Amino acid sequence: MRIAVIGGGPGGLYFAYLWKRRHPDAQIDLFEQNAAGATWGFGVVFSEQALEFLRADDPDTVDAIAPRMESWKNITLNLRGESVEIDGIGFSSIGRLDLLRTLQQRASSVGVIMRYDTPIQSVDQLAGYDLIVAADGLNSLVRRSFEDDFGTSLSYSANKFAWYGTTKRFETLSQTFVQTELGAFNAHHYRYSPSMSTFLVECDLATWQRYGFAEKTIEESQTICEGVFAATLEGHPLASNKSVWRNFPWIWNERWSFKNMVLIGDSLHSAHFSIGSGTRLAIEDAIALAKALEAERDISAGLDRYQSERQPIVKKLVTAARTSADWYDKFPEHMKLGLMDFAYSYITRSGRIDDARLRAMSPAFMARYEASRRPLEQGGSQR
Ligand SMILES: Cc1cc2nc3c(=O)[nH]c(=O)nc-3n(C[C@H](O)[C@H](O)[C@H](O)COP(=O)(O)OP(=O)(O)OC[C@H]3O[C@@H](n4cnc5c(N)ncnc54)[C@H](O)[C@@H]3O)c2cc1C
């Protein structure tokens, strides 16, 4: 079988590696528009299990990546200078470039042909391939070329965000909420290597307009954000990598394949960065696609199986991501709560965690939260 993979992000690289490893006779050509060492963004997070979901099928890849990851057990919420830790919500992280380099080495070791600096301008360039795997990200050329056939929907969150890095090392994944005279900001920040952290800044549209960010250069915006989060950064600068202000795009496709083309990862669906699952979803899509193709005799049946088996799982996660993003869309309102109520509102934002589960998962936090409620329940004062 001849397969073209468009996109050298986590989804494309992992699919190419996986298929070639299991089918050494197949020809897999991967096309990436950028150079091998180029990437946007800084680090990415995974929930506590990190890449353990890969271990059963692919222990070598997990062993290659796991030692390079940072991990921690708690989340820290900072609200107007006060802090609270929520225990038991572990995450792991890795630099995006580090992850891509490891996946590139693995793909190359099994014989995938990787063509960097090679943008695909039209799917007609790929005539003759049996299968085209569109792992070409949020702005997918394949998806945009056949939107009606894929049943694509696209909308945007109202909040603005910019993805920075910083040399300041944070002990846990942290969320810092800051009120300024012109409006409210939030930063999602966590270390992804011993010496670097991701620092993603978010604000609502009204705040963004009051700051006049539309007219500011990347450098001017960065300087303003350094000022807003001066107490958090403690003198460390922000680092930029195409760190423009963006609105989070919500992408969904009713049909996951058309003719011999199939969507995986961000080209297919987006999951808000607040749940830290986009990279994992892209890798899991790649695995699901490979398994579905192997389970059927012909490609078309394999593509149908990929959608029918994987779509319900992805739908659940995307729904959770939307609920989480809704909370962030209203974060200036939530900031009016006292610290403990704010933290409780944050951690229950998906609507899927009840108090009993929270007590088991985050006993220290829940003890503090429930203690903070007691005076109120006894007719006492504010939390
Ligand atoms: C601000 C922000 C923060 C995020 N934080 C996290 C996080 O903490 N944890 C997490 O898991 N995920 C996070 N994500 C999401 C994560 O980055 C993506 O979900 C993940 O990278 C998707 O992988 P992918 O392989 O589908 O696409 P991508 O990683 O986007 O890769 C697509 C590749 O295709 C290439 N390409 C595109 N068009 C063409 C073309 N025509 N020809 C050739 N090449 C092409 C691109 O250059 C790119 O390399 C975040 C995303 C954003 C925007």
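Brief remarks on what is shown
- Residue match in the stretch 277-284 (condition: more than 18 Å from the chain's Cα centre (by Cα) and at pLDDT 95 or above): no
- Of the criteria (1) farther than 30 Å from Arg55 by Cα; (2) away from the ligand (no atom under 15 Å from the Cβ); (3) not charged (D, E, K, R), which one Ala239 fails: (2)
- Residue list for the stretch 258-300, restricted to those being of a type in the set (Ser, Thr, Tyr) and under 22 Å from Ala26 (Cα atoms): Ser300
- Summed over the stretch 101-130, the residues that are assigned to a helix (DSSP H, G or I) and either among the aliphatic types (A, V, I, L, M) or closer than 17 Å to Ser257 by Cβ (or both) give a count of 4.
- Selection status of Ser267, surrounded by 15 or more Cβ atoms within 10 Å (Cβ to Cβ), in contact with an Asp or Glu (Cβ under 6 Å, 6 or more places away or on another chain) and at negative phi: yes
- Restricted to the stretch 153-166, and to residues there that are touching a Leu at 6+ places or on another chain (Cβ under 9 Å) and away from the ligand (no atom under 14 Å from the Cβ), the residue that is farthest from Phe185 (Cα to Cα) is Thr166.
- Residues of the stretch 131-151 satisfying the condition of being over 15 Å from Gln121 (Cβ atoms), within 15 Å of the ligand (Cβ to nearest atom) and assigned to a strand (DSSP E or B): Val133
- Conditions (1) in contact (Cβ under 8 Å) with a residue 60 or more places away in the chain; (2) within 14 Å of the ligand (Cβ to nearest atom); (3) out of contact with any strand residue (DSSP E or B) (no Cβ under 9 Å at 6 or more places or on another chain); (4) part of a helix (DSSP H, G or I); number of the one not met by Asp98: (3)
- Matching helices (runs of 4 or more DSSP H) fully within the stretch 275-383 where at least 3 residues are surrounded by fewer than 18 Cβ atoms within 10 Å (Cβ to Cβ) and free of Cβ contacts under 8 Å to residues at least 40 places away in the same chain: 299-329, 355-361, 363-377
- Counting only residues that are out of contact with any Asp or Glu (no Cβ under 8 Å at 6 or more places or on another chain) and more than 10 Å from the ligand (Cβ to nearest atom), the stretch 246-256 holds 6 of them.
- Look at (1) at pLDDT 95 or above; (2) within 12 Å of the ligand (Cβ to nearest atom) and you find that Tyr328 fails only one, number (2).
- Taking first residues from the stretch 124-148 that are closer than 17 Å to Asn34 by Cα and partners that are surrounded by fewer than 19 Cβ atoms within 10 Å (Cβ to Cβ), the Cβ contacts under 6 Å between residues at least 6 apart in sequence or on separate chains come to Leu138/Pro249.
- Leading residue by the ranking (farthest from Ser93 (Cα to Cα)) among those in the stretch 191-217 that are among the β-branched types (Val, Ile, Thr) and touching a Gly at 6+ places or on another chain (Cβ under 9 Å): Thr207
- The set of residues in the stretch 123-143 that are surrounded by 14 or more Cβ atoms within 10 Å (Cβ to Cβ), at negative phi and of a type outside the set (A, V, I, L, M, F, W, C) comprises Gln125, Tyr129, Asp136, Ser140, Arg143.
- Any hit, the stretch 26-33, residues being surrounded by fewer than 20 Cβ atoms within 10 Å (Cβ to Cβ), on the phi > 0 side of the Ramachandran plot and near the ligand (Cβ under 9 Å from one of its atoms): no
- Restricting the stretch 109-122 to residues that are within 25 Å of the chain's Cα centre (by Cα) and crowded, with 17+ Cβ neighbours inside 10 Å, the residue that is nearest to the ligand (Cβ to nearest atom) is Ile120.
The values are calculated or read from the model by the stated rules, or taken from the named source; none is laboratory data. Please read these numbers as outputs of a predicted model, since none were measured by experiment. Because the Cβ atoms are built from the backbone with ideal geometry, glycine has one as well, and the counts that use them run over all protein chains shown.
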